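Here is the structure we will look at.
The values are calculated or read from the model by the stated rules, or taken from the named source; none is laboratory data. Given the structure is predicted, the values throughout are model-derived calculations rather than measurements. Ideal geometry is used to build each Cβ from the backbone, glycine not excepted, and the neighbour counts take in all protein chains shown. With ligands, DNA and RNA removed, areas are computed over all heavy atoms of the protein, side chains included. Shrake-Rupley method; radii C 1.70, N 1.55, O 1.52, S 1.80 Å.
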Amino acid sequence: MSTETSTPTPAPQAKKTNRLGLELASYRGSKTTLCAGCGHNAITERIIDACYEMGVDAKKVIKLSGIGCSSKSPAYFLNQSHGFNSVHGRMPSVATGAMLANHTMAAIGVSGDGDTGAIGIGQFVHLMRRNLPLIYIIEDNGCYGLTKGQFSPTADLGTKAKNGVVNDLPPIDTCALAIELGATFVARSFSGDKKQLLSILKAAIAHRGTCMIDVISPCVTFNDHEGSTKSYAYVKEHDEALGEVTFVPFFEDISVDYEPGSTTEVTMHDGSHLFLKKISEHYDPTDKLAANRLLHETSLRGEFPTGVIYIEPDKDDFLTSLNMVEQPLAFLPQSMTRPAPSVLEELMAGLK
Amino acid sequence: MSSPLATAAPAESSSSQHVVNDFSISVATVNGSGSQTANLVLLRAIFQMGVPVSGKNMFPSNIAGLPTWYTIRANAKGYIARKKEIDFLVAMNAETAREDVLSLDPGRAVLYDVPLKLNELRDDLMFYSVPFDKIVAEVCPDAKLRRLVKNMIYDGVLSHLLSVDLGEMVEALSKTLGKKPKAMALNQAALEAGAKYAQEHFAVIQHPYRIQRMNKTGGLILVDGNAAAAMGCMFAGCTVVAWYPITPSSSLPESFISYMRKYRMDKDTGKATFAIVQAEDEIAAIGMVIGASWAGARAMTSTSGPGISLMSEFAGLAYYAEVPAVVFDIQRVGPSTGLPTRTAQGDILSTAVHSHGDTKHVLLLPASMGECFDMAGDAFDLSERLQTIVYVMSDLDLGMNTWMSEPFTYPTKPLDRGKVLDEAKVRELGASWGRYKDLDGDGIPWRTLPDTGTPSYFTRGSGHNAMAQYSERADDYTNNLDRLSKKFDTAAGLVPQPVIDDVKGAKVGIIAYGSSHWAVIESRDLLKDEASLDTSYLRLRAYPFPESVDAFIRRHDRVYVVEQNRDAQMLSLLRIDIDPALQTRLRSVLHYSGLPIDARSVTQSIVAQEKQ
């Protein structure tokens, strides 16, 4: 009896169910209102797939966003979840508050490159710094779609807008920033790379802490022309996959074959496993410095690496550091939140 | 009409008369010199002697080195507003001493440090010179500590000059420093040395001002409004606080933190029944409060004018998406950075309609320590009941100054968590429920919380219909706005109602709110005594205004709206909301110097306007 009308499109696996006995359709949301071919819709599909395959309980998820094309998308997945389309660039604070109120929830936040890199950079910085358990997805198309194509702060130096204007400022690398600031799961992907994005999202669901996923997601209407570095064609050509990302959830048997030394295996917070097949012998995704060096070097070559760039599976998250009672603060009974009359008497006696 | 007002009679400095329990002391020091302890000891000692007293700190926005004045008023009748005139000046600050002395009315008394030679400035004042450096050197061997200890000497001197019992001063001192025996001993020695010096040197002079024991403070407490509000939040079951430091609000969350750590740790697990986050700015603070309230917590933030300005966009979201949020605004002088350490009631208008588009918000207007405590509880109940943002409009005078109060009353009403659907209610309502549907005719819809097994909905600040679906339809928008108006009408009946004192036959009414109350009650007595003017009084305790406000104005020919801002903000708000036929009855009394309003200024303004 949700208030959003869901329009499940019959998928080939419609009869199939996940470990909760749910069909894929139950993870869908309302019909998208974004442009046909928008990368954001592909990301929405992968979120639905990932939640389905992971057997996520949508009733235990909250989905949040800021403002912009990207931020409309939480309406298009997980109809069973409470959703919050907040204000421009301030989703991190709303998500933080919601998680303080109920630390047992899982949170998915969707933002855009303008929503994150420009108006929201302050809240983004502090969100990363706190390592709040949250999957933070930037649907990154390098431009403001909803206001018709102005450059955003992730637009590359020299990239051309549809009207011919050339961007003369360097981009903000949200992944480098997130790693530097304390995010514990940092990935970059491409909306067109179904397999990789799905694996990354599933791993993010298994991770406890801030997962910052920058997904290059071309804007078919305003930023898909020649001269743009965020067009489908350009991105396909310059996407430098770090290697294969294989995720094995805790509820499945591990059956991954790899040559010793070729792959980094990461055990996740919930017992799941992440296998990252290396591109270079020197790169270790759990090494912060190496991750930043990789981002720096590839950006000098005009490429962007995709895959899980940095992961720190065991760092304490923000909510743990607050030492809260187990029961969500939202549902504490009055007996736990209003001290006894004797406490007031004691306070009053101290002021006499 | 009324007779012209006599100017305030100066206290007689002749030997024939004393002023007993009715004078003000101003201690002029340099901030960061540790004078606060000495000032509070003096205040508390007078309080312990049963004499009604109030303390107001006029301090700079600075950590050390700039002038600060602490005024203490003792008044047998219980008037605790700021007194405009200074009766006894303690001049410890060389930089301001000259101006401070020149601004005194004739006949007043001055206690000063010998090298300042203030006695050369005027011959119509009573001067007491004290060699502070010499006395402090004798009692405090450690030169580094002398600057801090020096202030206790004036307390000692004052104990003799004002007949404040030295024993009471020692007891007051031990309340502050009792747990630090070394500091206690040192300060007590300075106190006693000051008293001894005064006894030896000023013994033969008839001193004009005296404190005499009374029994008017028995059972009362001394507290500041920010601590009172913090306690109120704790007993209101607040679970989430997000805040950003700003004067004069910071001591509210800081007091809250200390209370919560002591009294709100779960006994069985030792874990916190709360979360407190110092946010990166006020925007994030209100964002966290809205997120937490949306997910079902009782959440609050505390700020002042500049923070209110920053929170504006989120305020509109809370209003339009109907999410509870509690905001304390400890008002200070604006616009812009303004005077961060001075008081005002300057955020009334901007907060009542905080944010863009059509918005109207519930404002609570505490006037006392008891109301700072009680209205914290009211704010959470109303915010959850009405599913909207609620502001508690305190100010620097209430929040940071020391006030006498009756002990607070333990709240007996259970927490009102408002219209939240549980699974049973969902079954009962069936398909009739929509997130923004007015099922009860009061404009207040039912909401669901995540993780309660109830239906989800999508919250958004963009256009939505009664079912919480995105909508740009004209009728959906208009219906929603009209329902929000209806909800605001409902609020008028739920908020704390005005306190009305109707005086039979009075043609003149006064409307005031918040910290202006104390000057008004004193001014009403002055108007009666000095100008034979009877006045009725309505004290506003909240916005929106209930019908009783219109009725009060209708019963009086002229109604003075007293407030602490330049633009008559509450009067403007009244003009918008009351019966247009009543508008011409409203007049304005304004005080906006940054200092707390005083009765003399109110009286003079009303008398002058009555003559017109």
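Hey, any hits in the stretch B:201-209 for a residue that's part of a helix (DSSP H, G or I) and either surrounded by 17 or more Cβ atoms within 10 Å (Cβ to Cβ) or not aromatic (F, W, Y) (or both)?
Scanning the stretch B:201-209 turns up at least one residue that is part of a helix (DSSP H, G or I) and either surrounded by 17 or more Cβ atoms within 10 Å (Cβ to Cβ) or not aromatic (F, W, Y) (or both).
When the residues of the stretch A:201-228 are filtered to those that are crowded, with 21+ Cβ neighbours inside 10 Å and of a type in the set (S, T, Y), the one that is farthest from A:Q123 (Cα to Cα) is A:S228. Scanning the stretch B:430-455 for residues that are among the β-branched types (V, I, T) and away from chain A (no Cβ under 11 Å) returns a single hit, B:I444.
Restricting attention to the stretch A:307-323, the residues that are open to solvent by less than 40 Å² (accessible area, probe 1.4 Å) and either at the interface with chain B (Cβ under 7 Å from one of its Cβ atoms) or in a loop (DSSP other than H, G, I, E, B) (or both) add up to 3.
Pairing residues of the stretch B:522-542 that are basic (K, R) with residues that are open to solvent by 20 Å² or more (accessible area, probe 1.4 Å) and assigned to a strand (DSSP E or B), at Cβ distances under 8 Å and at least 6 apart in sequence or on separate chains, gives B:R539/B:V499; B:R539/B:I500; B:R541/B:V499. Is at least one residue of the stretch A:131-141 away from chain B (no Cβ under 14 Å), hydrophobic (A, V, I, L, M, F, W, C) and more than 23 Å from B:I283 (Cα to Cα)? No. Remark: pairs (first residue in the stretch B:288-303, more than 7 Å from chain A (Cβ to nearest Cβ) and surrounded by 24 or more Cβ atoms within 10 Å (Cβ to Cβ); second residue assigned to a loop (DSSP other than H, G, I, E, B) and basic (K, R); Cβ separation under 9 Å; 6+ apart in sequence or on different chains) = B:R298/B:R417. Given the stretch A:50-130, what helices (runs of 4 or more DSSP H) lie entirely inside it while holding 1 or more residues that are at the interface with another protein chain (Cβ under 8 Å from one of its Cβ atoms) and at pLDDT 95 or above? Output list reads A:91-101, A:121-130. Answer with yes or no whether B:S485 is in contact with a strand residue (DSSP E or B) (Cβ under 8 Å, 6 or more places away or on another chain) and not assigned by TED's automatic domain parsing to the domain that holds B:Y391. For B:S485, the condition - in contact with a strand residue (DSSP E or B) (Cβ under 8 Å, 6 or more places away or on another chain) and not assigned by TED's automatic domain parsing to the domain that holds B:Y391 - is not met.
Search the stretch B:245-275 for residues being more than 8 Å from chain A (Cβ to nearest Cβ) and of a type in the set (V, I, T), and hand back the single one that is surrounded by the most Cβ atoms within 10 Å (Cβ to Cβ). That would be B:I246. Restricting attention to the stretch B:441-455, the residues that are open to solvent by 30 Å² or more (accessible area, probe 1.4 Å) and closer than 19 Å to B:T359 by Cα add up to 1. Within the stretch B:120-133, residues that are touching a residue at least 60 places away in the same chain (Cβ under 8 Å) have Cβ atoms under 8 Å from residues that are open to solvent by less than 40 Å² (accessible area, probe 1.4 Å) and basic (K, R) in these pairs: B:L125/B:R108; B:M126/B:R108, counting only partners at least 6 apart in sequence or on another chain. Checked against (1) farther than 30 Å from B:A318 by Cβ; (2) open to solvent by less than 30 Å² (accessible area, probe 1.4 Å); (3) touching a strand residue (DSSP E or B) at 6+ places or on another chain (Cβ under 6 Å), B:E522 passes all but a single condition, namely (3).
Of the numbered criteria (1) more than 7 Å from every other protein chain (Cβ to nearest Cβ); (2) assigned to a strand (DSSP E or B); (3) buried (at least 21 other Cβ atoms within 10 Å of the Cβ); (4) out of contact with any Asp or Glu (no Cβ under 8 Å at 6 or more places or on another chain), the one B:A242 fails is (1). Has the stretch A:324-344 got any residue that is assigned to a strand (DSSP E or B) and away from chain B (no Cβ under 14 Å)? No, that holds for no residue.
Hey, A:G350 hits all of (1) surrounded by fewer than 17 Cβ atoms within 10 Å (Cβ to Cβ); (2) over 30 Å from B:S293 (Cα atoms); (3) away from every other protein chain (no Cβ under 14 Å) but one; which does it fall short on? The one condition A:G350 does not meet is (3).
Within the stretch A:285-306, identify whether any single residue is within 14 Å of chain B (Cβ to nearest Cβ) and either buried (at least 18 other Cβ atoms within 10 Å of the Cβ) or free of Cβ contacts under 8 Å to residues at least 60 places away in the same chain (or both), and answer yes or no. Give the derivation first.
We begin by selecting, within the stretch A:285-306, every residue within 14 Å of chain B (Cβ to nearest Cβ); these are none.
No, the stretch A:285-306 has no match at all.
Among the candidates A:M105, A:M128, single out the residue that is buried (at least 20 other Cβ atoms within 10 Å of the Cβ), farther than 26 Å from A:K288 by Cβ and not polar (S, T, N, Q). Step through it out loud before you land on a result.
Numbers: A:M128 fails: farther than 26 Å from A:K288 by Cβ.
Just a single option satisfies the conditions, and that option is A:M105.
Of everything listed in (1) among the hydrophobic types (A, V, I, L, M, F, W, C); (2) open to solvent by 20 Å² or more (accessible area, probe 1.4 Å); (3) within 12 Å of another protein chain (Cβ to nearest Cβ), the single unmet condition for B:M184 is (3). Restricting the stretch B:276-287 to residues that are farther than 13 Å from A:M324 by Cα and aliphatic (A, V, I, L, M), which is nearest to the other protein chains (Cβ to nearest Cβ)? The selected residue is B:A284.
Is the stretch A:199-212 home to any residue that is part of a loop (DSSP other than H, G, I, E, B), of a type in the set (A, V, I, L, M, F, W, C) and within 30 Å of A:T96 (Cα to Cα)?
Let us first name the residues in the stretch A:199-212 that are part of a loop (DSSP other than H, G, I, E, B), namely A:207-209.
Now narrow it down to the ones that are of a type in the set (A, V, I, L, M, F, W, C): none.
No, because not a single residue in the stretch A:199-212 is part of a loop (DSSP other than H, G, I, E, B), of a type in the set (A, V, I, L, M, F, W, C) and within 30 Å of A:T96 (Cα to Cα).
Scanning the stretch A:166-180 for residues that are open to solvent by 10 Å² or more (accessible area, probe 1.4 Å), part of a helix (DSSP H, G or I) and more than 19 Å from A:G112 (Cβ to Cβ) yields a single hit, A:E180.
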